[in-house]
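*Asks:* Below is the structure I would like to discuss, written out as structure tokens.
The values are calculated or read from the model by the stated rules, or taken from the named source; none is laboratory data. On a predicted model such as this, the values are computed, not experimentally measured, just so you know. Virtual Cβ from ideal backbone geometry, glycine too; neighbours counted across all protein chains shown. Surface accessibility is based on the protein's heavy atoms, side chains included, excluding ligands, DNA and RNA. Shrake-Rupley method; radii C 1.70, N 1.55, O 1.52, S 1.80 Å.
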Amino acid sequence: MPKKNLMIVESPAKAKTIEKYLGEDFVVKASFGHVRDLPKGDDAIDYDQGFTPKYEVLSDKKEVIRELKKLAKEVETVWLATDEDREGEAISWHLAEVLGLDIPTARRVVFNEITKKAVTNAVANPRVINQDLVNAQQARRVLDRIVGFNLSPVLWKKVRTGLSAGRVQSVAVRLIVERERDIIDFTATSSFRITAEFRLEGGVKLKAQLKNRIPTIEEARAFLQECVGADFNITNLETRPGKKTPAAPFTTSTLQQEASRKLSFSVAQTMRVAQGLYEAGFITYMRTDSVSLSGFAIDQAKQVVTDLYGAEYHKVRQFKSKSDSAQEAHEAIRPTDMNRQEAPGDRNAKRLYELIWKRTVASQMADAILEKTTATIGISSSERNLVATGEVLKFEGFLKVYLEGRDEEDGDDDNSGVLPPLTIGQKLQLDFLQARERFSKHPPRYTEASLVKKLEEQGIGRPSTYAPTISTIQKRNYVSKETREGNERHYNVVKLAGDEVSERKDTEITGAEKNKLFPTDLGMLVTDFLIDHFPGVLDYRFTAKVEEEFDEIASGKKIWNNMIGNFYGDFAETVEITKEEADRVSKERYLGEHPKNGEPIYAKFGKYGPFVQLGETSDEVKPKYSSLRSDQRLDTITLEDAIDLFRLPRILGNMDEQDIKVNVGRYGPYVQLGKLFVSIPKEEDPYNLGLERAIELIEAKKEADRNKIIQDFGEEGQVLNGRWGPYIKMQGKNIKIPKDMKAEELTLEDCKKLYEEQKDKPKRGRGRKKK
């Protein structure tokens, strides 16, 4: 019996969840994201007709559209239930156009969460497609295409073939490049932090410190000498009440930041896991810049807090977004049911859900009440005072559930603890007084999460753009996410114990980086070129202003193609001038002469990235070349560093009558035996790799290659072992093997059948997302 209603959502997971709620009269199908987009090439936009976009159905969605058209003809009503943001609104509009629906009367439904109540309520209250939201998304897509399509060829001509630029991605790279330059230009200064430890009755310790640091070791030494034989007394005690207030519920940005701090998730991973939780009906929509909660959520939170912790722990709070563009009709990210403290699923889903639950519940809890005490310690021989600070938690409040994480730039000098009982006039017994050399820190490099925070502060991008932007700049090799070991550094310590002042040198590891974003030489080169020739596009304020204009289009206050027109004229002229008049980028630094042969050494940028060159290209003898290591930069590499790079390639020995060679290539360091190339693990140094270890790597590679082929059908196909398990490779496509079939038992006919079933299957996700 045919169904009466067809509901179209974006993902099959969501379709499965929703179909359970709607009953037998509904069939729910997925569009698998976008179904139409701008075609490649210069015919995608009609510049003479108000920048009209010329859309086409995506090649991998043609079968999806055929099925949806067939179903649409069989039902009485088609419901468009794509996501509630601008991107989702545009997908509904594209579907309506492709399926031949009457757009002014097409039934559009939205829900902030996938629960039975939300879904049935949405169906009971449909609306029409919001053309203003569609136009805002079209404006973004068209503008980004114009910028990318026009800038990229300029980069091909002036920098290197195959490069790309984007309105948001290039500005994000600029932030990272400028931070790196700040770090390169930074000169650390040292000062001395004075700390003291006193021994009280019963073996209790009291720690204190001098409020201000002392600039030099001479002054630090003189201060400690001044304190020899001095009396130390409590001269003042000041106690004052304090409180901590909970953070607002999560937005997309704050969820990405906190999941990075507390769960070590990348931005893309956070969005992937959150999407799964949303589609399974456990959390509200995960792309939002609103911090508000619905009345239902506030009431439910009150019940949960009261039941779990007591009425004294509850406090109603309604948060308001600082941003004028935040869509307050939407909600913050929260559990759909606060009574559910855990969500089913894998470990990451459970951890992210727990984070969201705690943050939401804590936002509706009472302040934490503190008592802060400051003890001033006088020194009989000095006008300076030491200070001991402490705080006592009088009432946990929201801290019983959750405390927001901190970024490294928030500082680490907080010396608060719980102070022992003290009285004014109390004499203190000094254990030791110490001056430890501390060094100023350069600005911190961005993590993915702190970059999101910066983009949001600058008004660059929107919740849906952060993850794809950060993924794109890494894929383009403009930025790399790296973990680097620190370097050993010496520091001075001056210590007073008893009546003796002593000095020593200690060492510490400094400069270690974990999952930080570093600009590549390519990223720096492209950024410099774009700033020189397209300062308007790379300007932070311009990028933020564009986002404001998209908001105005979405609210019906601005016409989208007029906004594009205002930008395009000057931009197109600049593109043409730059193509004709700008010099080709030629990054080159002369480093000096090789001490053994006097040949010149240069650092250059070439087709495959940065390298050093020994000798002149015009000489009869061919120059030697070596790629830079991943942690080296064109701007900072020294002559000594370059000389060290020419230690490669190295011949380690012989195997099977062939040389075993170690070298660094386009994809990193490797061992070579004839035509066999074996990557050297990241943690191993190619400059110190021994023959025995090289042979181990070669044998392991040979064994892996032998085990990779499960079945070989010649030119017709293979069954292979892959990173994620066995799969079929046939006609250039990778075909998944169903769980109920054994890879080693597959026949060629089985493989052909699976190939036919899967060859045109669309990929999951929204298809082409905005940049």
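*Asks:* Looking only at Cα atoms, what is the convex hull volume of the range 651-771 per residue, in Å³?
*Replies:* Working: hull volume 21.5 nm³, N = 121.
Enclosed volume per residue, from the Cα hull, is 178 Å³.
*Asks:* Please report, in whole Å, how far the alpha carbons of the range 79-238 spread along each principal axis, starting with the longest.
*Replies:* Dimensions of the range 79-238 along the principal axes of its Cα atoms: 93, 56, 22 Å.
*Asks:* Which of the listed residues, Ala700, Phe713, Ile728, is farthest toward the dipole's positive end in the range 685-733, when Lys, Arg count +1 and Asp, Glu count -1 at the beta-carbon?
*Replies:* Ile728
*Asks:* Along each of its three principal axes, how wide is the spread of alpha-carbon positions in the range 255-363, in whole angstrom units, largest first?
*Replies:* So the three principal-axis extents are 37, 35, 25 Å.
*Asks:* Now, a different point. Taking H as built 1.01 Å from N, whose amide H comes closer than 5 Å to the amide H of Met655, not counting residues under 5 places away?
*Replies:* So Met655 has HN proximity to Ile660.
*Asks:* Beyond a 23 Å Cα-Cα separation, which of these cross-linked pairs lie in this structure: Lys453/Lys682; Lys481/Lys624; Lys475/Lys514; Lys400/Lys514? Mind showing how you got there, number by number?
*Replies:* Details: Lys453/Lys682 30 Å; Lys481/Lys624 30 Å; Lys475/Lys514 19 Å; Lys400/Lys514 30 Å.
Violating the 23 Å limit, Cα to Cα: Lys453/Lys682; Lys481/Lys624; Lys400/Lys514.
*Asks:* Let's see if you can work this out: charge +1 on each Lys and Arg Cβ, -1 on each Asp and Glu Cβ, no other charges. What is the dipole magnitude of the chain about its Cα centre, in debye to the nearest 20?
*Replies:* Values: 123 positive and 124 negative charges, 386 e Å.
Dipole magnitude for the chain comes out near 1860 debye.
*Asks:* If you don't mind, another one. If I take the Cα coordinates of the range 601-689 and project them onto the principal axes, what are the three extents in Å, biggest first?
*Replies:* Cα spread of the range 601-689 along its principal axes, largest to smallest: 39, 35, 24 Å.
*Asks:* Would you work out the charge dipole size for the range 121-165 about its Cα centre, treating the Cβ of every Lys and Arg as +1 and the Cβ of every Asp and Glu as -1, and quote it to the nearest 20 debye? Don't skip to the end; give the middle numbers.
*Replies:* Details: 7 positive and 2 negative charges, 58 e Å.
The calculation lands at about 280 debye.
*Asks:* Right, another one. If only Cα atoms are counted, what is the Rg of the range 10-145, and what is its Dmax, in Å?
*Replies:* Answer for the range 10-145, Rg first and Dmax second: 15.4, 49 Å.
*Asks:* Still on this structure: How large is ³J(HN,Hα) for each residue in the range 251-258, as worked out from phi by the Karplus curve 6.51 cos²θ - 1.76 cosθ + 1.60 (θ = phi - 60°), to whole Hz, x for Gly and Pro?
*Replies:* 3J(HN,Hα) across the range 251-258, in whole Hz: 9, 4, 5, 5, 5, 4, 5, 6.
*Asks:* Using every Cα-Cα pair within the range 390-526, state what percent have a distance larger than 17 Å. Provide the component values of the computation, followed by the final result.
*Replies:* Details: 7211 of 9316 pairs.
Percent of Cα pairs beyond 17 Å in the range 390-526: 77.
*Asks:* For the range 646-717, what is the accessible area per residue in Å² when the probe is 1.4 Å? Before the final figure, lay out the partial values.
*Replies:* Details: 4700 Å² over 72 residues.
Per residue, the range 646-717 has an accessible area of 65 Å².
*Asks:* Additional query: Assigning unit charges at the beta carbon (Lys, Arg +1; Asp, Glu -1) and nothing else, what dipole magnitude in debye, to the nearest 20, does the range 149-238 show about its Cα centre? Display every interim value, and only then the final one.
*Replies:* Numbers: 14 positive and 11 negative charges, 187 e Å.
Magnitude of the dipole: close to 900 debye.
*Asks:* Now for a different question. Work through the residues other than Lys4 whose Cβ is under 15 Å from its Cβ and net out their charges, Lys, Arg +1 and Asp, Glu -1. Kindly include the intermediate steps, with their values, before the conclusion.
*Replies:* On the way: positive: Lys3, Lys29, Lys73, Arg107; negative: Glu19, Glu24, Asp25, Glu74, Glu76.
Residues close to Lys4 contribute a combined charge of -1.
*Asks:* Taking θ = phi - 60°, what integer Hz values does the Karplus form 6.51 cos²θ - 1.76 cosθ + 1.60 yield along the range 93-106, in sequence order, with x for Gly and Pro?
*Replies:* 4, 4, 4, 4, 5, 5, 7, x, 7, 7, 4, x, 10, 4
*Asks:* Above 37 Å lies some portion of the pair distances; for the chain, what is it as a whole percent of all C-alpha pairs? Don't jump to the answer; show the numbers that get you there.
*Replies:* Details: 173365 of 296835 pairs.
In whole percent, the share of Cα-Cα pairs in the chain beyond 37 Å is 58.
*Asks:* Skip the ligands, DNA and RNA, and give the accessible area per residue of the range 39-106 with a 1.4 Å probe, whole Å². Intermediate results must be reported in sequence, preceding the final value.
*Replies:* Details: 3310 Å² over 68 residues.
Roughly 49 Å² per residue, with all protein chains present.
*Asks:* Given the C-alpha centroids of the range 682-756 and the range 239-298, what is the distance between them in whole angstrom?
*Replies:* 40
*Asks:* Still on this structure: Got a number for carbon plus sulfur as a percent of the chain's accessible area, 1.4 Å probe? Could you put the intermediate results ahead of the total?
*Replies:* On the way: 18200 of 39180 Å².
Ligands and nucleic acids excluded, carbon and sulfur give 46 percent.
*Asks:* Can I ask one more? Just want the answer: with Cβ charges of +1 for Lys and Arg and -1 for Asp and Glu, which residue in Leu95, Pro246, Val546 is farthest toward the dipole's positive end in the chain?
*Replies:* Result: Leu95, furthest along the dipole toward the positive end.
*Asks:* Compute the projected area of the convex hull of the Cα atoms of the range 437-494, averaged over all viewing directions, and report it in nm² to one decimal place. List each step's numbers first, then the result.
*Replies:* On the way: hull surface 23.5 nm².
So the mean shadow area of the Cα hull is 5.9 nm².
*Asks:* Cβ under 9 Å from Thr284's Cβ, Thr284 left aside: what net charge do those residues give with Lys, Arg +1 and Asp, Glu -1?
*Replies:* Numbers: positive: Arg334; negative: Glu113, Glu331.
Net charge around Thr284: -1.
*Asks:* Here's a follow-up. Provide the per residue accessible area, probe 1.4 Å, for the range 139-200, rounded to a whole number of square angstrom.
*Replies:* Numbers: 2020 Å² over 62 residues.
Roughly 33 Å² per residue, with all protein chains present.
*Asks:* Please go through the residue pairs Lys207/Lys243; Lys3/Lys739; Lys596/Lys622; Lys3/Lys73; Lys243/Lys454 and name each one whose alpha carbons sit more than 20 Å apart in this structure.
*Replies:* Lys207/Lys243; Lys3/Lys739; Lys243/Lys454
*Asks:* Then there's this: Write down the radius of gyration of the range 504-561 and its Dmax, each obtained from C-alpha positions, in Å.
*Replies:* 20.7, 70
*Asks:* Kindly provide log₁₀ I(q)/I(0) values, in the same order as q = 0.16, 0.23 Å⁻¹, from the Debye equation applied to equal alpha-carbon scatterers of the range 530-654.
*Replies:* Evaluating at q = 0.16, 0.23 Å⁻¹ gives log10 I(q)/I(0) of -0.87, -1.27.
*Asks:* Filter the trypsin sites (Lys or Arg not before Pro) in the range 517-605 down to the DSSP loop ones having no more than 13 other Cβ atoms within 10 Å, then list what survives.
*Replies:* Numbers: sites: Arg541, Lys545, Lys557, Lys558, Lys579, Arg584, Lys587, Arg589, Lys596, Lys604; in loops: Lys557, Lys558, Arg584, Lys587, Lys596.
When the trypsin sites (Lys or Arg not before Pro) of the range 517-605 are filtered for loop state and at most 13 Cβ neighbours within 10 Å, Lys557, Arg584, Lys596 remain.
*Asks:* Give the long-range amide H neighbours of Ile737: residues separated by 5 or more places, or on another chain, with amide H under 5 Å away, using H modelled in the peptide plane at 1.01 Å from N.
*Replies:* For Ile737, whose amide H was placed from the backbone, the distant partners under 5 Å are Ile728.
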